[in-house]
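Participant: One structure follows; several queries about it will come next.
The values are calculated or read from the model by the stated rules, or taken from the named source; none is laboratory data. Everything quoted here is computed from the prediction, not taken from an experiment. Here the Cβ positions follow ideal geometry from the backbone for every residue, glycine too, while neighbour counts run over all protein chains shown.
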Amino acid sequence: MTRIRERNRELILRAASQEFADKGFAAAKASDIAARAGVPKPNVYYYFKSKEGLYREVLHSIVQPLLQASAPFNPEGNPREVLTAYIRAKVRISRDLPHASKVFASEIMHGAPHLPPDLVEALNAQARHNIGCLQQWVDRGLMAPVDPHHLMFSIWAATQTYADFDWQIATVTGKAQLSVEDYEAATQTITTLVLKGCGL
């Protein structure tokens, strides 16, 4: 029974990510989420209580991987290795969780009205930690004197664009969906630009 519940919960969460990404929070309907998931509509409320609760779960499903991507950051780490690992993890998130990434981006662009305060603080604390590490590496002469805030913003923009602007990428490349090789090329390109820009 637990396995069935976990499966249904995952189906609903995945379908909700797609619906919220396509239509936004206000326009998405529980009936459409249920239909996309292939479950009865009451199941949506059984597992998530409300549309708001389901939306927050979608946000939570992307915030945790984003926080985990920052795990390599520590002041004693090697800047080249840390940035390489971070960029790879961020591109992987865009590849594996594109719909949740879009929902997160939309939420942020609207001032994060539904993002729970604990997740906001966790994200901000992690960003401060990462930026602090970058600043220490700059101060110790381990990398070029780039602004750590804008370096982080640039990495976020470069890596998340593969999820948030997939229509534009598909239009320019002529591919309906990027391949594993495309994501690897993106990872290598972004990594090369960042490392060279940081004097690494």
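Participant: Return the total of residues in segment 75-93 being surrounded by fewer than 21 Cβ atoms within 10 Å (Cβ to Cβ), closer than 15 Å to Trp156 by Cβ and in contact (Cβ under 8 Å) with a residue 60 or more places away in the chain.
Facilitator: The total comes to 2.
Participant: Out of (1) touching a Ser or Thr at 6+ places or on another chain (Cβ under 8 Å); (2) farther than 25 Å from Leu178 by Cβ, what's the single condition that is false for Ala30?
Facilitator: Result: Ala30 fails condition (1) only.
Participant: Okay, next question. Please count how many residues of segment 1-50 are more than 21 Å from the chain's Cα centre (by Cα) and not hydrophobic (A, V, I, L, M, F, W, C).
Facilitator: Matching residues across segment 1-50 total 20.
Participant: Return the only residue of Pro65, Pro75 being assigned by TED's automatic domain parsing to the domain that holds Glu121, assigned to a loop (DSSP other than H, G, I, E, B) and at pLDDT 90 or above.
Facilitator: Pro75
Participant: While we're here: Across segment 1-21, what is the number of residues that are surrounded by fewer than 17 Cβ atoms within 10 Å (Cβ to Cβ) and without any contact (Cβ under 8 Å) to a residue 40 or more places away in the chain?
Facilitator: The number of residues fulfilling the criteria is 7.
Participant: Something else: Among the helices (runs of 4 or more DSSP H) contained in segment 95-193, which hold 1 or more residues that are of a type in the set (Lys, Arg)?
Facilitator: 98-109, 117-139
Participant: Any residue at all in segment 132-154 that's without any contact (Cβ under 8 Å) to a residue 12 or more places away in the chain, buried (at least 16 other Cβ atoms within 10 Å of the Cβ) and assigned by TED's automatic domain parsing to the domain that holds Glu76?
Facilitator: yes
Participant: State which residue pairs qualify: first residue polar (S, T, N, Q) and inside segment 26-37, second residue surrounded by 17 or more Cβ atoms within 10 Å (Cβ to Cβ) in any location, beta carbons under 9 Å apart, and separation of 6 or more residues or different chains.
Facilitator: Ser31/Val44
Participant: Scan segment 37-55 residue by residue and report those that are surrounded by 18 or more Cβ atoms within 10 Å (Cβ to Cβ) and in a helix (DSSP H, G or I).
Facilitator: Ala37, Asn43, Val44, Tyr47, Phe48, Lys51, Leu54, Tyr55
Participant: Same structure, new question: Do any residues in segment 177-200 that are surrounded by 13 or more Cβ atoms within 10 Å (Cβ to Cβ) have Cβ atoms under 7 Å from those of residues that are among the small types (Gly, Ala, Ser), where the two are at least six apart or on different chains, and which pairs are they?
Facilitator: Ile190/Ala158; Cys198/Ala144; Gly199/Ala144
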